[in-house]
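Since the structure comes first, as structure tokens, the remarks are kept for the end.
Values quoted throughout were computed directly from the atomic coordinates according to the rules given, and no laboratory measurement underlies them. Since this is a predicted model, take the numbers as computed values, not measurements. For neighbour counting, all protein chains shown are included, and Cβ atoms are generated from backbone atoms with ideal geometry for every residue, glycine included.
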Amino acid sequence: MANGNGQFSSHIISVTVENKAGVLARIVGLFSARGYNIDSLSVAETEDPTISRMTLIVKGDDKILEQIYKQLNKLIDVIKVQDLTSEEFVARELVLLKVSSSNGSSRQEIMQLVNIFRAKIIDVGKKTLTIELVGSSPKVKAMIELLQTFGVKEIVRTGAIAISREFGKRPE
């Protein structure tokens, strides 16, 4: 949806599909053919191995999102399309970061940040530390920004995954 000043907003779209070869290519092709960008895409099989779930982050206004929903629902292998943004949901992202840590004081500072963000150091090298962080997109962004001062050598991100909440209110 467009916000008050006409800009596009991000939406988390959950697409349940049959777990078959070519389904991902058809969905990505649908977006590409219409000139829509996918900001993030994560796919994996569900509790049922014959079904996969895709989590897409896309930007658009009401008109674009309505087109996306209609086009996705036309695909034979699509079981369900759900905009989680309009519901209560929980979202997380996994990030692996390789950060320079050439001296003891920088290692200590990095380890303090890792503890504050409830992340983990998963590999230690002579000149780098590899960190695993799971969290919301704002948390991930904040940690990456803070680690930039040490020199981020490499970042690998899963993209967001999300699930609707059964009860309660979405935490801020």
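Going down the table (K63/K141; K59/K153; K59/K127; K20/K141), which pairs top 31 Å between alpha carbons? Walk me through the numbers before you get to the answer.
Numbers: K63/K141 29 Å; K59/K153 29 Å; K59/K127 39 Å; K20/K141 34 Å.
In this structure, K59/K127; K20/K141 exceed 31 Å between Cα atoms.
Run the quick spin-label model on L75 and K141: label points 7 Å from Cα toward the beta carbon, then report their separation in nm to one decimal.
2.7 nm
Got a sec? How would R26, R107 order by Cβ neighbour count within 10 Å, fewest to most?
Working: R26 15, R107 18.
Result, fewest neighbours first: R26, R107.
For the chain, find the longest principal axis of its Cα atoms and tell me its angle to the long axis of helix 137-147, 0 to 90°, nearest 10.
Here the helix axis deviates by roughly 30 degrees.
Give the angle, between 0 and 90 degrees and rounded to the nearest 10, that separates the Cα long axis of helix 104-116 from the longest principal axis of the Cα atoms of the chain.
Orientation of helix 104-116: about 40 degrees from the principal axis.
Among (i) 18.9, 57; (ii) 25.8, 82; (iii) 15.0, 47, which one is Rg and Dmax of the Cα atoms in Å computed from these coordinates?
Answer by label: (i).
For region 26-46 and region 101-172, what is the separation of their C-alpha centers, rounded to whole Å?
Spelled out, the Cα-based centre of one part sits 26 Å from the other.
Could you sort the peptides 80-90, 116-126 by per-residue average Cβ neighbour count (10 Å cutoff), highest mean leading?
Working: 80-90: 15.0, 116-126: 12.5.
Listed from highest to lowest mean packing, they are 80-90, 116-126.
If I fit a long axis through the Cα atoms of helix 62-74 and take the longest principal axis of the Cα atoms of the chain, what angle between them do I get, 0 to 90°, rounded to 10?
Result, in degrees: 70.
Any chance you could run the full-extension gain for N103 through N115? It's 0.36 nm times the residue separation minus the Cα-Cα distance, nm to one decimal. Working shown, then result.
Details: separation 12, 0.36 × 12 = 4.32 nm, distance 1.87 nm.
Computed gain between N103 and N115 is 2.5 nm.
With Rg and the Kirkwood Rh both taken from Cα atoms, where does Rg over Rh land for region 9-87?
Values: Rg = 11.7 Å, Rh = 12.6 Å.
For region 9-87, the value is 0.93.
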